[in-house]
Amino acid sequence: MTGGVAGRRLAIVNWRDPWHPQAGGAERYAWELARRMAARGAHVTYLTCRAGLQSRRERVEGVDFVRTGGRFTVYPLVLLWLLLRRRRFDAVIDCQNGIPFFTPWVLPRRVPVFCSIFHVHDEQFGLYFPAWLAWVGRMLEGPVARRTYRRHACTAISLTTLTALRERLDWKGPVYLVPVGVTVPAEPVQAEPAQADSAQADPAQAGFVQAGERAGAPELVCVTRLVPHKRVERVLDLAERLLPRFPGLRVGVVGRGPEHDRLAAEITARGLDGTVVLHGFVSEEEKAALVARADLHLSASQGEGWGLCVAEAAVLGVPTVAYDVDGLRDAIRDGVTGWLVPAGEEGLADTVERALKELDDPSRRARIAADCRDWAGEFDWARTADRMGELIAASVRMGTSASDDADAHVVRGYGDEHPRVVEGPVRDELFRAHGDALDARIATPAERLLGRPDADPAR
């Protein structure tokens, strides 16, 4: 189920679609919601920009794509498109990739809007724009957005994003938690052999190793977009430091982006050719195979909303080493499914060396791999769509996405076998109808993230 969205007319507005050359986790999130809502009977329109030779209109898995404008012109053009069709939709998911689309400006007040925020971008504007334009970006993300969505609600994908909204953007309105999911492979993933190993590989085994199994020198992988705030140059620093201790070290960087040529030149200049490999864009199957054969997955990002690549590595039993920053500290259970490097310190190499030492113990490696898979299993795209679908359906019935209560609650009704976690209009509607018959308490942060009650919330 997805909370009664069948027949509802839903617009999802996002800067890019999942086939855009610069697409990342935010586009995956929006697409997973779109196609799952459509599969459950909603009429979904995905509004986005157009890159290269992409079709202006297209229908994929029941989702109608409308592409218009470029990097900046998409904003006014989408608003104009919605203004001309302002009574067509029952609800809107307005994705904020640094700057939202400000859809409440052109929609009837009765149409509930969810401003879907992946992470706060305030510190990143200066990496991409001159000072004056970075200031404009911060104003639009903060004060202008705060006022625009004051009668509506936000959704956040992690606890640290929710905290950043409150503390860094001074967001006063309701914020609901709708985390990302992860796709569990239907079949065990076979790990790609390293080039140096393939010539001596047993043909019967096709050169494959078991996911997470050490075969000689360490193998590390970093799945990321090649953009400034991902700080991939720190992965090069790591390789330089580890190479004398681990001859034969291999570091694979999977992903594409505008930093590719600069990083390629830097690899050559540092003499890291053959040690650090830029794989570029690869298929999902190739990416999974490259990650599965690695000892560790790496992230040097200065901050995320969550870290979808971390969850995708965890589902393969591969732990992550990352900085202790927004989003990543939610996605990684330090010392259990990975290791966190204190933010602002240059301790990435030290932490990786410590992690590799722990993984040399076969029993410790097996325990970490199992914990990674268990943790990743808590997050599922179907449950993500269900949580958003329930919020949308309740908000349409209530006439608003807003709520006066900032908390999520664990509730159990008379005769209910299992309690549930609810928030926003879902909770308000439930309390209005059955308030006297409900046993309710405020949900813990972990319960709010996972969307299920903890048997022992005090622990």
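Checking residue 172 against (1) over 14 Å from residue 101 (Cα atoms); (2) within 22 Å of the chain's Cα centre (by Cα), only one condition comes out false. Which one?
Condition (2) is where residue 172 drops out.
Where the second residue is crowded, with 17+ Cβ neighbours inside 10 Å and not in a loop (DSSP other than H, G, I, E, B) and the first is among the basic types (Lys, Arg) and lies in the stretch 442-454, which pairs have Cβ atoms under 7 Å and are six or more apart or on separate chains?
Note: pairs meeting the criteria are 448/177; 448/421; 452/421.
Return the residues of the stretch 68-80 that are touching a residue at least 24 places away in the same chain (Cβ under 8 Å) and either in contact with a Gly (Cβ under 7 Å, 6 or more places away or on another chain) or under 20 Å from residue 42 (Cβ atoms) (or both); say none if nothing qualifies.
The answer is 78, and nothing else.
So for the stretch 97-104 (the condition being over 24 Å from residue 171 (Cα atoms) and in the same structural domain as residue 34 (by TED's automatic domain parsing)), does at least one residue qualify?
So the first thing to find is which residues in the stretch 97-104 are over 24 Å from residue 171 (Cα atoms), and the list is none.
Within the stretch 97-104, none of the residues are over 24 Å from residue 171 (Cα atoms) and in the same structural domain as residue 34 (by TED's automatic domain parsing).
Does residue 377 count as touching a residue at least 12 places away in the same chain (Cβ under 8 Å), more than 28 Å from residue 152 (Cβ to Cβ) and exposed (fewer than 14 other Cβ atoms within 10 Å of the Cβ)? Working first, answer last.
Working: touching a residue at least 12 places away in the same chain (Cβ under 8 Å): yes; more than 28 Å from residue 152 (Cβ to Cβ): yes; exposed (fewer than 14 other Cβ atoms within 10 Å of the Cβ): yes.
Judged against the criteria, residue 377 is a match.
Among the residues in the stretch 42-49, are any touching a His at 6+ places or on another chain (Cβ under 9 Å), within 14 Å of residue 14 (Cβ to Cβ) and assigned to a loop (DSSP other than H, G, I, E, B)? Break it down stepwise before answering.
Here is the first cut: in the stretch 42-49, the residues touching a His at 6+ places or on another chain (Cβ under 9 Å) are 48-49.
After this cut, where a residue has to be within 14 Å of residue 14 (Cβ to Cβ) as well, the list is 48-49.
Narrowing further to those that are assigned to a loop (DSSP other than H, G, I, E, B): 49.
Yes, some residue in the stretch 42-49 is touching a His at 6+ places or on another chain (Cβ under 9 Å), within 14 Å of residue 14 (Cβ to Cβ) and assigned to a loop (DSSP other than H, G, I, E, B).
Among the listed residues 28, 88, identify the single one that is in a helix (DSSP H, G or I) and out of contact with any Cys (no Cβ under 6 Å at 6 or more places or on another chain). I'd like the intermediate steps shown before the answer.
Numbers: 88 fails: in a helix (DSSP H, G or I).
None of the other options fit; the residue is 28.
Counting just the residues of the stretch 306-332 that are in contact with a helix residue (DSSP H, G or I) (Cβ under 6 Å, 6 or more places away or on another chain) and among the acidic types (Asp, Glu), which one comes out farthest from residue 177 (Cα to Cα)?
Ranking the qualifying residues of the stretch 306-332, first place goes to 326.
Residues in the stretch 39-59 that are buried (at least 21 other Cβ atoms within 10 Å of the Cβ) and of a type in the set (Gly, Ala, Ser): how many?
1
Every residue in the stretch 4-17 that is surrounded by 20 or more Cβ atoms within 10 Å (Cβ to Cβ) and not small (Gly, Ala, Ser), please.
Residues satisfying the conditions are 5, 8, 10, 12, 13, 14, 15, 16, 17.
Buried (at least 17 other Cβ atoms within 10 Å of the Cβ) and more than 21 Å from residue 88 (Cβ to Cβ): which single residue out of 28, 35 fits that description? Let's see the steps before the verdict.
Numbers: 35 fails: more than 21 Å from residue 88 (Cβ to Cβ).
Going through 28, 35 in turn, the sole match is 28.
Only residues in the stretch 405-426 that are among the hydroxyl-bearing types (Ser, Thr, Tyr) count as the first member; pair them with residues that are at pLDDT below 90 and not in a strand (DSSP E or B), Cβ under 9 angstrom, at least 6 apart or cross-chain, and list the lot.
Once the first residue is among the hydroxyl-bearing types (Ser, Thr, Tyr) and sits in the stretch 405-426, its partners that are at pLDDT below 90 and not in a strand (DSSP E or B) give 414/434; 414/437.
Which of the residues spanning the stretch 13-35 are among the aliphatic types (A, V, I, L, M) and farther than 14 Å from residue 101 by Cβ? Steps first, please.
Within the stretch 13-35, the first condition is being among the aliphatic types (A, V, I, L, M), and the residues that meet it are 13, 23, 26, 30, 33-34.
Residues satisfying the conditions are 23, 33, 34.
Just to be sure, is residue 340 surrounded by fewer than 24 Cβ atoms within 10 Å (Cβ to Cβ), aliphatic (A, V, I, L, M) and more than 30 Å from residue 165 (Cα to Cα)? Outline the logic, then answer.
Values: surrounded by fewer than 24 Cβ atoms within 10 Å (Cβ to Cβ): yes; aliphatic (A, V, I, L, M): yes; more than 30 Å from residue 165 (Cα to Cα): no.
The answer is no for residue 340.
Can you find even one residue in the stretch 420-427 that is more than 25 Å from residue 9 (Cβ to Cβ) and not assigned by TED's automatic domain parsing to the domain that holds residue 158? Walk me through how you get there before you give the answer.
Step one: of the stretch 420-427, the residues more than 25 Å from residue 9 (Cβ to Cβ) are 420-421.
Filter again for not assigned by TED's automatic domain parsing to the domain that holds residue 158, leaving 420-421.
The answer is yes; a qualifying residue exists.
Anything in the stretch 111-144 that is in contact with a strand residue (DSSP E or B) (Cβ under 7 Å, 6 or more places away or on another chain) and part of a helix (DSSP H, G or I)? List them, or say none.
Answer for the stretch 111-144, where residues must be in contact with a strand residue (DSSP E or B) (Cβ under 7 Å, 6 or more places away or on another chain) and part of a helix (DSSP H, G or I): 137, 140, 141.
Given the conditions (1) outside any loop (DSSP other than H, G, I, E, B); (2) modelled with pLDDT under 95, which single one is not true for residue 394?
Failing condition for residue 394: (2).
Out of the stretch 411-448, which residues are over 20 Å from residue 400 (Cβ atoms), in contact with a helix residue (DSSP H, G or I) (Cβ under 6 Å, 6 or more places away or on another chain) and modelled with pLDDT of 80 or more?
421, 445
Name the one entry in 193, 188, 258, 203 that is touching a Gly at 6+ places or on another chain (Cβ under 6 Å) and at pLDDT below 95. Step through it out loud before you land on a result.
Details: 188 fails: touching a Gly at 6+ places or on another chain (Cβ under 6 Å); 258 fails: touching a Gly at 6+ places or on another chain (Cβ under 6 Å); 203 fails: touching a Gly at 6+ places or on another chain (Cβ under 6 Å).
Answer to the check: 193.
The values are calculated or read from the model by the stated rules, or taken from the named source; none is laboratory data. Please read all numbers here as calculations on a predicted model, not as lab measurements. When we count neighbours, we look across all protein chains shown, and the Cβ atoms used for this are built from the backbone with ideal geometry, even at glycine.
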